[in-house]
Amino acid sequence: MAIIASAPGLAADAASETGVQHAGAGDPVAGKLKSDSERCQECHGQDGNAEDSRIPKHAGQFAGYLVKQLQDFQSGARRHEIMVKMAADLTPADMADIAAYFAGQPVMHGRLEHENPRAKSLFESGDPARELASCESCHGKNGKGRVENGVVYPVIGGQNRLYLRRQLLNWKLGERKNSTEAVMNQVAKALADDEIEALVDYVSGL
């Protein structure tokens, strides 16, 4: 009985911790105003659901991940002609507030148009023969992200299709290198082009 009685409290604590990890330390009310005045919403959508498939959705993304990307655009660790300019004048408080606003939106989601057993297997189980880790082992069930040992693994399930494809190709070609311990470069290099296409279709539909 004691175990059963304590379970709801434990679940509430876990949910609260997850919520804090998701939103970060920023002010989402200020972030809504800043994301509008800084023109983030023009491309990424008022609610973080960019309509252009080439542009990433931010809805429900982990705030820590969004802040890191903005920092990387500022420092040059990540390159993008438009985003480097957009991030240039943002203060740490601006970044935290904008990230908190988008993190507080309902988490992005997609719609699977058809089954793809190979992509599902790669996503959930990887390929032990190639020592290829599953996407799920880092990005969580249905790709909805998680935080472990201080590392933020972003939401990818439901992300825009063309954006996902471009990032996987950038990782594979070494044009993007800002993942922890270059893990995404290693993963992408191990994927064949047809596997990337299959995964992009699958993950964008989650």
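The values are calculated or read from the model by the stated rules, or taken from the named source; none is laboratory data. Keep in mind the model is a prediction, meaning the values are calculated, not measured. Here the Cβ is made from the backbone with ideal geometry for all residues, glycine too, and neighbour counts use every protein chain on show. These area figures cover heavy atoms from the full protein model, side chains too; ligands, DNA and RNA do not enter into them. Shrake-Rupley method; radii C 1.70, N 1.55, O 1.52, S 1.80 Å.
Quick notes
- Pair list, Cβ < 6 Å and 6+ apart or interchain, from segment 108-136 residues that are more than 19 Å from R161 (Cα to Cα) to residues that are aliphatic (A, V, I, L, M) and open to solvent by less than 30 Å² (accessible area, probe 1.4 Å): G126/L132
- Contact map, segment 164-182: residues that are under 19 Å from H58 (Cβ atoms) paired with residues that are assigned to a loop (DSSP other than H, G, I, E, B) and open to solvent by less than 50 Å² (accessible area, probe 1.4 Å), Cβ distance under 6 Å, separation 6+ or inter-chain. Pairs shown: N170/R176; N178/R78.
- Residue-level analysis places G24 outside the set of residues that are modelled with pLDDT under 95, open to solvent by less than 50 Å² (accessible area, probe 1.4 Å) and more than 15 Å from the chain's Cα centre (by Cα).
- Single condition V84 does not satisfy, out of (1) free of Cβ contacts under 8 Å to residues at least 24 places away in the same chain; (2) assigned to a loop (DSSP other than H, G, I, E, B); (3) in contact with a helix residue (DSSP H, G or I) (Cβ under 6 Å, 6 or more places away or on another chain): (2)
- Residue within segment 186-203 that is β-branched (V, I, T), within 13 Å of the chain's Cα centre (by Cα), open to solvent by less than 20 Å² (accessible area, probe 1.4 Å) and within 20 Å of K68 (Cα to Cα) present: no
- Given (1) of a type in the set (D, E, K, R); (2) buried (at least 17 other Cβ atoms within 10 Å of the Cβ); (3) free of Cβ contacts under 8 Å to residues at least 40 places away in the same chain, index of the condition D72 fails: (3)
- On the stretch given as segment 154-182, residues that are open to solvent by less than 50 Å² (accessible area, probe 1.4 Å), within 15 Å of C135 (Cβ to Cβ) and in a helix (DSSP H, G or I) total 4.
- Residues that are touching a helix residue (DSSP H, G or I) at 6+ places or on another chain (Cβ under 7 Å) and at positive phi were ranked within segment 127-145; the one that is most open to solvent (accessible area, probe 1.4 Å) is G145.
- Residues of segment 95-112 include at least one that is under 26 Å from P28 (Cβ atoms), crowded, with 19+ Cβ neighbours inside 10 Å and of a type in the set (D, E).
- So A77, is it touching a Lys or Arg at 6+ places or on another chain (Cβ under 8 Å) and outside any helix (DSSP H, G or I): yes
- Those residues of segment 104-128 which are modelled with pLDDT of 95 or more and over 24 Å from V187 (Cα atoms), in sequence order: G104, Q105, P106, V107
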